[in-house]
Amino acid sequence: MDMDQYLEVFIEESKEHLQACNEHLLQLEKEPENISIVNEIFRSAHTLKGMSATMGYEDLASLTHQMENVLDGIRNMKIKVTPSLLDIVFKAVDYLEEMIFSITDGGDGKKNVSDVVSLLKKIESGEEFSDSSTTDSIESISIDKLTTVKSTYDDFELTVIQQSKEQGFNCYEITVCLVNDCLLKAARVFMVFEVLEQVGEIIKSIPSVDQLEEELFQNEFNVTLVSTETAEVIKKRIMKVSEVENVIVHDFDSMAQVDDLLEAEAEVAPAIMETEEKQKSETAETPSTKSSNKQGGNHKTIRVNIERLDILMNLFEELVIDRGRLEQISKDLNHSELNETVERMSRISGDLQNIILTMRMVPVETVFNRFPRMVRQLAKDLDKKINLQIIGAETELDRTVIDEIGDPLVHLLRNALDHGIETPDIRLQEGKSEEGTVILRAYHSGNHVFIEIEDDGAGISREKVIQKAITKGLITAKAGEALTDSQVFDFIFSSGFSTAEKVSGVSGRGVGLDVVKNTIEALGGAITIHSAIGKGSVFSIQLPLTLSIISVMLVEVQKEKYAIPLSSIIETAIIKKSEILHAHNQKVIDFRGKVVPLVNLKDIFDVPTVTEEDDYVSVVIVKKGDKSAGLIVDSFIGQQEIVLKSLGNYLTNVFAISGATILGDGQVALIIDCNALIK
């Protein structure tokens, strides 16, 4: 059977199972006596093992099997859950993730996991390691030390084993361990196989025969054998091969054991085959069946390759450009039937646009999922107690935005844990609980998504920030007094700026928050800080729902057209020139009781004067966080949905321009980056 067709399904489902393992392990750390959590982890590990074996990834199957043994011990009350035990299981999950990522990148999913496997075996062996007074217990130690993963079998192999047992044959799993300094391992394996073939039939080997021939194993390997000989005879024969240190022969001593294996294998297969069956059943459905399913509330889902969605989006963007062109032609010709058709096409393409954008939406949960593990490890490194709360993980964002926000959030969380939350002893002195709380929150508001990182830590000292800013020559002492808290906290985003008294392994070098701000602004978003001494801080990130198709206000500057994103606009106004004032060599206006600085786009973009100026000016009031500015333009054209296109590799650093678009009349309009114009 060609397994390549199932590879994508395997990778996606493996990631889901590993995420489930991570989440449940964190839960288990809080409730170590809760066996139902252990059962959930066991279920995920068991399914992953079966899927890996079915796909032929033996290293993955081996490690998950060893994890299963430990989890089985926990749920049978033989092993007690401790923080050090969980550290080892977490490490095993990390290794599994690395192997899955290797497969995702086209690798073979192989990794040397002997360190974790030996630790898991020590956990599994329990008390036997300390009670080794007799030769029997010494033998049991060597068995524990040697027992490698029991083989995972496909349907054919299980059938052979079952039929052999029914016909009176013995079936063995044999672990052979070679001496550490064995020189010709492949030759020794060949000799062992030769001995085994004289006494029975080999069903399976782990690693595979090819890997054994290439010596791609440590010092031990597994062989499954069907034979009429006893376990003692087989062991003696193998031990005669030189450089074999030890042999363990495990007997399938009852049919019940074979039935258990068959049952376990039966649980595994559906995970891989489900998609194929689903596709077959959907193809077989008649339209009436589908509609009845819909009415019955059965939601069917299908995995779609991201690249296909990107191609669909690009095609639709071209359609939007042509739609704009048709609207323009229709307006110029003023033909009633054409107008009607174009209006209908606009409505339908608008609905289509909403569907495509919704398809590209991904819950922020996909980013948030990795943070509980990170916070747990950081809290241990910093010797702090942290309670991470995640709210609104189901909030959806465009995939292009999701791909970019992971790193900024990592920086902000590390900052909150290192600088924000105090150590337990300091928190107790200040009358707080010794466990600090960090809240990661996401929610929709209008055409934006807000992500907030809130902590109940020490807060940001306004005086410290001002002092540091003065030291770095960013402001004078007098100017510092006049700044609002929000303006003061903005200095934290300056490159190389840090109020940390000492540099830790986590933060304090002044690197990170400037990158965070740049990344978020490049996405068309903004970041603000609210903080109170002794109470904590809130870092609030505002992000656009999507980056590909945006609503803009088209404006004209002389004969050139520019697009200003609606998300940045507060309102538009027409003012008399006599109302323009001057303050600190800057043109300003008094707009609704607030002083707003003016920026003349003609000067910024060096647009040559073609028409005479009149006594009135058109102004677009734009915002960046809580700051605002007025952009002077010649006229407003109107609101329009446009496709955002990059300027290409040659024009990467054009000041205050974030991209371009093609208008309905075929002209190119540049899109203004308002964030760059507001200081």
(request) Go through GLY630, GLY536, GLY625 for me and flag whichever is surrounded by fewer than 17 Cβ atoms within 10 Å (Cβ to Cβ) and farther than 30 Å from PHE316 by Cα. (result) GLY625
(message) I'd like to verify a number: residues in segment 438-449 that are at pLDDT below 90 and closer than 17 Å to PRO408 by Cα, how many?
(response) 1
(request) Among residues belonging to segment 481-515 that are at pLDDT 55 or above and polar (S, T, N, Q), point out the one that is farthest from the chain's Cα centre (by Cα). (result) THR484
(request) Scan (1) at pLDDT below 90; (2) touching a strand residue (DSSP E or B) at 6+ places or on another chain (Cβ under 7 Å); (3) charged (D, E, K, R) for the single condition LYS385 breaks and write down its number. (result) (1)
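How many residues are under 25 Å from ALA526 (Cβ atoms) and either crowded, with 21+ Cβ neighbours inside 10 Å or not charged (D, E, K, R) (or both) if we restrict to segment 376-397?
Residues of segment 376-397 under 25 Å from ALA526 (Cβ atoms): 388-397.
Filter again for either crowded, with 21+ Cβ neighbours inside 10 Å or not charged (D, E, K, R) (or both), leaving 388-393, 395, 397.
Residues that pass the stated criteria total 8.
Name the residue that is farthest from the chain's Cα centre (by Cα), counting only residues in segment 643-679 that are in a strand (DSSP E or B) and of a type in the set (Val, Ile, Thr). Step through it out loud before you land on a result.
Initially, segment 643-679 is screened for residues in a strand (DSSP E or B), giving 643, 645, 657-662, 668-672.
Okay, now just the ones that are also of a type in the set (Val, Ile, Thr), so 643, 657, 661-662, 668, 671-672.
Working: VAL643: 27, ILE657: 30, THR661: 31, ILE662: 34, VAL668: 36, ILE671: 31, ILE672: 31 Å.
So, considering only residues that are in a strand (DSSP E or B) and of a type in the set (Val, Ile, Thr), the one farthest from the chain's Cα centre (by Cα) is VAL668.
Yes or no: VAL375 out of contact with any Leu (no Cβ under 7 Å at 6 or more places or on another chain), among the aliphatic types (A, V, I, L, M) and part of a helix (DSSP H, G or I)?
Numbers: out of contact with any Leu (no Cβ under 7 Å at 6 or more places or on another chain): no; among the aliphatic types (A, V, I, L, M): yes; part of a helix (DSSP H, G or I): yes.
No.
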(message) Looking only at segment 81-102, filter to residues that are surrounded by 15 or more Cβ atoms within 10 Å (Cβ to Cβ) and of a type in the set (Gly, Ala, Ser); which one of those is modelled with the lowest pLDDT?
(response) SER102
(message) Restricting to segment 467-489, give me the number of residues that are without any contact (Cβ under 8 Å) to a residue 60 or more places away in the chain and in a helix (DSSP H, G or I).
(response) 15
(message) Condition check: under 26 Å from ILE451 (Cα atoms), touching a helix residue (DSSP H, G or I) at 6+ places or on another chain (Cβ under 8 Å) and touching a residue at least 60 places away in the same chain (Cβ under 8 Å). Does ILE541 satisfy that?
(response) yes
(request) Report yes if LEU28 is farther than 19 Å from ILE100 by Cβ and buried (at least 21 other Cβ atoms within 10 Å of the Cβ), otherwise no. (result) yes
(message) Given (1) under 23 Å from ASP490 (Cβ atoms); (2) in contact with a Pro (Cβ under 9 Å, 6 or more places away or on another chain), identify the lone condition not met by PRO597.
(response) (2)
(message) Suppose the filter is modelled with pLDDT of 85 or more and not in a helix (DSSP H, G or I); does ILE541 pass it?
(response) yes
(request) Quick one: which residue in ILE439, ILE426 is surrounded by 17 or more Cβ atoms within 10 Å (Cβ to Cβ), among the β-branched types (Val, Ile, Thr) and either touching a Lys or Arg at 6+ places or on another chain (Cβ under 8 Å) or in the same structural domain as ILE529 (by TED's automatic domain parsing) (or both)? (result) ILE439
(request) Tell me which residues, restricted to segment 410-423, are without any contact (Cβ under 8 Å) to a residue 60 or more places away in the chain and crowded, with 16+ Cβ neighbours inside 10 Å. (result) VAL410, LEU413, ILE421, GLU422
(request) Could you list all residues from segment 633-677 that are more than 25 Å from MET313 (Cα to Cα) and of a type in the set (Phe, Trp, Tyr)? (result) PHE636, PHE655
(request) Please indicate, with yes or no, whether at least one residue in segment 464-474 is modelled with pLDDT of 80 or more, under 26 Å from SER568 (Cβ atoms) and within 33 Å of the chain's Cα centre (by Cα). (result) no
(request) Among the helices (runs of 4 or more DSSP H) lying completely within segment 111-198, list those that include at least 3 residues that are modelled with pLDDT of 80 or more. (result) 114-125
(message) Go through (1) within 30 Å of VAL449 (Cα to Cα); (2) among the polar types (S, T, N, Q); (3) loosely packed, with under 10 Cβ neighbours inside 10 Å for SER568 and report which single condition fails.
(response) (3)
(request) Filter segment 554-586 down to residues that are free of Cβ contacts under 8 Å to residues at least 60 places away in the same chain and part of a loop (DSSP other than H, G, I, E, B), then give me how many there are. (result) 4
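The values are calculated or read from the model by the stated rules, or taken from the named source; none is laboratory data. The model shown is predicted, which means the values in this text are computed figures rather than measured ones. A quick note on method: Cβ atoms are made from the backbone with ideal geometry, for glycine too, and the neighbour counts reach across all protein chains shown.
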